[in-house]
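Here is the structure we will look at, set down as C-alpha cells.
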C-alpha cells in the first residue's frame, strides 16, 4: 500500500532512522523528542510536529525488515527516570497499535534497535 506523505516527511523520516541508528551505535540509551528535533535541524525543538516523521520512519523500518527506531524517541521524564518510553500521546493516538506494538512490547523492541547491525544497512552510510 502506497502511503501519502510529502517529500519533506520522507526526507525527515529517513533522517530520523539515520539519527536514531547513529545514536544507538554510539551507545545512547534513547533520544528525547526535543533532541531528535534539534538533530533534524527543526526550528521548533520542543518536539512538536515529529509524529508524521516517526510514523513514516516506523513504516520504512517495517518495509525493510528493520526494528522500529521510533521506540527510541522518548519523553524526557521517562529518559531521566532510566525507563525510556514514548509519550503517552503516542499510545493514545493509536500509533503503536498501528505498528503492532503494545506498551509492554516497547522495551524488547528498544533492545532490538540497540542490538541491530545498522552499519549493514547500506543506504544509511554509517561506516
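Computed from the coordinates by the stated procedures, all read-outs in this text should not be read as laboratory data. What you see is a predicted model, and the numbers here were worked out from it, not measured in a lab. We place every Cβ from the backbone using ideal geometry, glycine too, and count neighbours over all the protein chains shown.
A straight chain from residue 62 to residue 123 at 0.36 nm per residue would run longer than the Cα-Cα distance by 20.4 nm. Each label was represented as a point 7 Å from its Cα along the Cα-to-Cβ direction; for residue 40 and residue 6 these points are 1.1 nm apart. Sorted ascending by nearby beta carbons within 10 Å, beginning with the fewest, 99, 9, 16 become 9, 99, 16.
To the nearest 0.05, how large is the calculated FRET efficiency for residue 80 and residue 115 if R₀ is 22 Å and r is the Cβ-Cβ distance? Computed FRET efficiency for residue 80 and residue 115: 0.40. Among rounded, prolate and oblate, which fits the stretch 1-68 when a ≥ b ≥ c are the square roots of the eigenvalues of its C-alpha gyration tensor, a/c under 1.5 means rounded, and a/b larger than b/c means prolate? Since a/c reaches 1.5 but b/c is at least a/b, the shape of the stretch 1-68 is classed as oblate. Mean separation of Cα pairs under 8 Å and 6 or more residues apart, divided by the residue count, gives the stretch 1-81 a relative contact order of 35 percent.
Altogether, the Stokes-Einstein calculation at 10 °C and 1.306 mPa s, with the Kirkwood radius of the stretch 7-117 over Cα pairs as Rh, returns a diffusion coefficient of 116 µm²/s. One chain, two ends: residue 15 and residue 104. Fully extended at 0.36 nm per residue, the span grows by 29.3 nm beyond their Cα-Cα distance.
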